[in-house]
Amino acid sequence: MLQPVFRAAFLLSVCFFCSCIFYQRYPLAYSRLPKINTTNLTFYLLDAAHPRTRVWHLSEAEFLKDKMTGFLVKLDEQDATEVAVVHNRRDARYSRDEVLMFVKPKFVLDMADTATVTIPYTQLEKVEVYEVNAGKSVGVSLFMIFVPIVGVGIISDY
Amino acid sequence: MRRFLLPVWCLIALRISAQEMEDPSEVKPYHAIVQTGIALQWFDKQFKSFTLTAERPLNLYHHIGVQANLFFSEDPFAYRSISDESYEVGVFAKSFFHGRFTGRRSKTYIGPDIRFGRRVYNNPGFFGDPNIRRKAVTFKYMVRFGWQFHLGSAVLEFSLPIGVEKERLVENNLFDGNTTNNWFIMAPGLSLGIGL
């Protein structure tokens with residue numbers, strides 16, 4: 001009799017925990033670029049001065065110790081804004097496999113819309129990725145689950 | 001107040017926008033961490049204890065350690081009153097959450113926490129008799145959530161182990177028909193220490 005209730009409670013708990021995962025944009029050290037597994041990742045190159053309008057998609061990316069190479073295709077402004085701007089938590093979660101590389105404006109000033117390029121890491125202003133904010137995710141989950149339990153414990157005067 | 005905060009925010013902003021970031025995964029962990037603090041134990045009855053922990057980082061993301069909790073004594077007329085001979089010792093492990101790409105170590109961790117203990121109940125005697133002492137052994141298995149902050153060599157930690165305690169009264173007597181108890185417990189703690 002109780003088994004369906006427990007199953008439903010378990011499923012609800014899983015859904016709750018999944019919804020309590022918060023993603024946030026974090027800086028990535030250049031020295032880690034050659035170390036990360038690039039499978040299933042999407043790389044974007046952004047003009048640091050105009051990150052919402054000037055964005056390139058980087059394919060066939062290869063990361064060496066001090067430089068990177070790849071094939072660039074420029075995105076139109078609407079797609080560029082979609083890449084650069086995250087509207088909500090769900091959007092951030094869907095962007096967790098994207099790597100945003102902000103390039104110094106001088107370097108991208110005369111860059112073609114489609115080109116194979118070699119970019120030294122010294123020309124990158126910053127690299128950012130979306131990762132789980134563990135502190136917030138665990139904190140909110142615990143708070144939401146245990147506040148009622150603690151409340152009942154206090155009310156019951158034990 | 002705003003003027004005071006401005007340089008602080010500038011420092012934080014400088015750090016965020018720094019071009020040459022150090023790879024967080026290559027930060028060397030401490031050789032050992034020693035901490036001391038206070039902890040509570042809920043529910044049914046709140047116990048207070050003094051804690052001592054020593055932990056050894058296996059690498060940047062995983063620590064193992066041992067701990068000892070010495071419980072404070074209470075008024076013998078209180079419900080489930082215990083004496084200061086009560087203690088528990090245990091082992092724990094901590095796995096810190098970390099970034100998939102960045103390698104940055106989160107302050108938040110999760111891990112198992114197992115404790116064995118001895119509890120001495122201290123109940124008042126009848127009509128001026130000496131207090132009745134009842135001994136019990138405890139075994140706790142818990143999941144330990146926590147947040148550990150490193151500020152140079154100083155270490156500050158909030159921990160929140162959650163789990164089950166099994167208590168067995170060692171001496172049977174007239175009043176202890178049921179000699180085992182199971183409790184759902186939480187044992188929040190705050191500790192300060194040093195990283196060596």
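The values are calculated or read from the model by the stated rules, or taken from the named source; none is laboratory data. Predicted model, so just to flag it, every value in this text is computed and none were measured. Using ideal geometry, Cβ is built from the backbone for each residue, glycine included, and neighbour counts are taken over all protein chains shown.
For the reader, a short list of remarks on this structure follows.
- Residue that is surrounded by the fewest Cβ atoms within 10 Å (Cβ to Cβ), among those in the range B:95-105 that are out of contact with any helix residue (DSSP H, G or I) (no Cβ under 6 Å at 6 or more places or on another chain) and assigned to a strand (DSSP E or B): B:SER95
- Scanning the range A:25-46 for residues being in a loop (DSSP other than H, G, I, E, B), of a type in the set (S, T, N, Q) and touching a residue at least 40 places away in the same chain (Cβ under 8 Å) gives a total of 1.
- From B:THR108, B:THR138, residue being polar (S, T, N, Q) and in contact with a helix residue (DSSP H, G or I) (Cβ under 9 Å, 6 or more places away or on another chain): B:THR108
- Which listed residue is of a type in the set (Gly, Ala, Ser), surrounded by fewer than 20 Cβ atoms within 10 Å (Cβ to Cβ) and at pLDDT 90 or above, from B:ALA154, B:ALA187: B:ALA154
- Output for the range B:94-140, where each listed residue is within 14 Å of chain A (Cβ to nearest Cβ) and either polar (S, T, N, Q) or within 24 Å of B:ARG168 (Cβ to Cβ) (or both): B:SER95, B:THR102, B:SER106, B:THR108
- Within the range B:43-80, the residues that satisfy the criterion of being modelled with pLDDT under 90 and within 14 Å of another protein chain (Cβ to nearest Cβ) are B:PHE43, B:ASP44, B:LYS45, B:GLN46, B:ALA78, B:TYR79, B:ARG80.
- Inside the range B:141-151, residues that are surrounded by fewer than 19 Cβ atoms within 10 Å (Cβ to Cβ), away from chain A (no Cβ under 12 Å) and within 20 Å of B:ALA93 (Cα to Cα) make up a count of 2.
- Within the range A:30-46, if we keep just the residues that are buried (at least 21 other Cβ atoms within 10 Å of the Cβ) and aliphatic (A, V, I, L, M), the residue that is nearest to the other protein chains (Cβ to nearest Cβ) turns out to be A:LEU33.
- Selection from the range B:75-94 of residues that are in contact with a strand residue (DSSP E or B) (Cβ under 6 Å, 6 or more places away or on another chain), in a loop (DSSP other than H, G, I, E, B) and closer than 16 Å to B:ALA39 by Cα: B:SER86
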